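Participant: I have a structure here, written as structure tokens, and I will follow up with some questions on it.
What follows is calculated from the coordinates using simple rules that are stated; it is not laboratory data. Just so it is clear, the model here is predicted, and its values are computed rather than measured. When we count neighbours, we look across all protein chains shown, and the Cβ atoms used for this are built from the backbone with ideal geometry, even at glycine.
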Amino acid sequence: MTKYIFLDIDGTLFDHKTNAIPQSALFALKSARSAGHKIFICTGRSFCQLEHVKQIDYHGVVCSSGAFIVVGDKIIFQEHIDIKDINNILELCTALNIALSLEGLTGIYMQEAAKKLFLEKIRILPEQEEELLKNHGSLDFSKFKLEKDKIYKISLYCRGCDSLDRLKTALGERFNLIITTKENEVGNTDIAVAELTLTKNNKATGIKKVMSYYNADMADTISIGDSMNDIEMLEESYVGIAMGNADPRLKEYADFITTDIDKNGLYHAFLKYHLIEN
């Protein structure tokens with residue numbers, strides 16, 4: 001029976017400690033595909049930020065936390081944030097001292113304050129900063145054209161969570177604001193990172209759209225993640241798996257907790273659910 005496997009990238013598939021996908025994960029993915037299962041990337045990243053997983057022969061991608069979906073070479077769904085909403089968010093974030101990046105298909109428009117907090121958060125060497133921003137898809141914020149560039153997700157950066165809570169209240173139920181900073185993460189924990197999307201789109205709605213496209217049953221879905229933006233997909237998939245290095249809060253929603261990413265977590269999860277043979 002074909003299973004449809006949906007994988008987060010950061011902390012699940014891609015190990016930022018080694019800046020690579022573990023060899024055991026690559027083996028598991030290749031073996032699962034050879035066994036007839038379908039592999040999908042399901043990420044908060046934008047479509048322009050898939051460089052880290054280009055070596056994987058996947059069947060499709062759910063990007064921007066469900067706002068942009070591609071199966072094969074066909075776009076099956078996309079929904080960008082309205083211009084009026086973006087203007088309102090820009091004004092609110094300025095007033096609340098929240099830095100942001102606007103995430104489109106071809107690049108990530110980062111405010112200078114957002115770049116500074118992003119780099120401070122992950123604590124890398126100064127000589128690595130330019131290359132990291134390039135790989136991140138970062139573009140100068142001044143290049144953003146409101147009437148031209150479609151934005152599918154917004155990332156937020158600030159010190160502490162109070163301003164983010166106030167922004168969430170101000171925006172109301174139309175938007176979903178998820179603080180993606182992990183309780184157990186390393187790096188500068190004084191800086192909070194969040195993602196802002198339309199409430200009606202998330203990773204789980206993206207998975208459902210993919211399954212509808214294939215006319216397949218949700219009972220054949222397996223998802224694996226590690227962050228708070230993975231809650232819905234772990235809840236809605238028939239099997240939801242949390243990485244060992246996942247945010248402790250996410251593990252409460254998991255059917256199974258595998259080992260850490262650097263301890264062959266993906267490989268062990270695939271073995272557990274008979275997607276591959278030992």
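Participant: Give the residue list of trypsin sites (Lys or Arg not before Pro) in region 174-278 that are DSSP loop and have at most 10 other beta-carbon atoms within 10 angstrom. Spell out each step's value before the answer.
Facilitator: Numbers: sites: Arg174, Lys182, Lys200, Lys203, Lys208, Lys209, Arg249, Lys251, Lys263, Lys272; in loops: Lys182, Lys200.
Taking region 174-278 and a limit of 10 other Cβ atoms within 10 Å, no loop trypsin sites (Lys or Arg not before Pro) are found.
Participant: Under the definition of Cα pairs under 8 Å and six or more residues apart, what whole-number percent is the relative contact order of the chain?
Facilitator: Numbers: 536 pairs, mean separation 59.8, N = 278.
Answer for the chain is 22 percent.
Participant: Based on other C-beta atoms within 10 Å, arrange Cys158, Cys63, Cys42 from fewest to most. Mind showing how you got there, number by number?
Facilitator: Numbers: Cys158 23, Cys63 27, Cys42 30.
Starting with the residue having the fewest Cβ neighbours, the order is Cys158, Cys63, Cys42.
Participant: Can you sort Leu90, Leu266 by how many other beta carbons sit within 10 Å, fewest first? It would help to have the intermediate numbers written out before the result.
Facilitator: Details: Leu90 15, Leu266 26.
By the 10 Å Cβ count, ascending, the order reads Leu90, Leu266.
Participant: Report, in degrees rounded to the nearest 10, the 0 to 90 angle that the Cα long axis of helix 162-171 makes with the longest principal axis of the chain.
Facilitator: 90
Participant: Which entries in Lys17/Lys148; Lys74/Lys116; Lys84/Lys209; Lys30/Lys121; Lys209/Lys251; Lys3/Lys54 show an alpha-carbon gap greater than 32 Å? Walk me through the numbers before you get to the answer.
Facilitator: On the way: Lys17/Lys148 37 Å; Lys74/Lys116 36 Å; Lys84/Lys209 27 Å; Lys30/Lys121 34 Å; Lys209/Lys251 25 Å; Lys3/Lys54 22 Å.
Result: Lys17/Lys148; Lys74/Lys116; Lys30/Lys121 exceed 32 Å.
Participant: Also: With viscosity set to 0.692 mPa s at 37 °C, what whole-number translational diffusion coefficient in µm²/s follows for region 234-278 from Stokes-Einstein and a Kirkwood radius over Cα pairs? List each step's numbers first, then the result.
Facilitator: Working: Rh = 10.6 Å.
In µm²/s, the coefficient is 309.
Participant: Helix 112-122 versus the longest principal axis of the chain: what angle, 0 to 90°, nearest 10, using Cα atoms?
Facilitator: That works out to roughly 40 degrees.
Participant: Moving to a separate point now. Given the options Ala99, Ala192, Ala170, state which has the largest fluctuation in a GNM of the chain using a 10 Å cut-off (strictly under) for Cα springs.
Facilitator: Ala170
Participant: What does the convex hull of the alpha-carbon atoms of the chain project to on average, in nm²? Each step should come with its number before you reach the end.
Facilitator: Values: hull surface 55.0 nm².
Projected area, direction-averaged: 13.7 nm².
Participant: Suppose we flag GluC sites (Glu not before Pro) only when DSSP calls them loop and at most 13 other Cβ atoms lie within 10 Å. Which is the longest uninterrupted stretch of the chain? Please report the intermediate quantities before stating the final value.
Facilitator: On the way: sites that count: Glu147, Glu183, Glu252, Glu277.
The longest uninterrupted stretch comes out as 1-146.
Participant: Right, here's the next one. Just want the ordering: Thr258, Thr180, Thr18, from fewest to most Cβ atoms lying within 10 Å of their own Cβ. Present the calculation step by step, with values, prior to reporting the outcome.
Facilitator: Working: Thr258 25, Thr180 18, Thr18 10.
Listing Thr258, Thr180, Thr18 from fewest to most nearby Cβ atoms yields Thr18, Thr180, Thr258.
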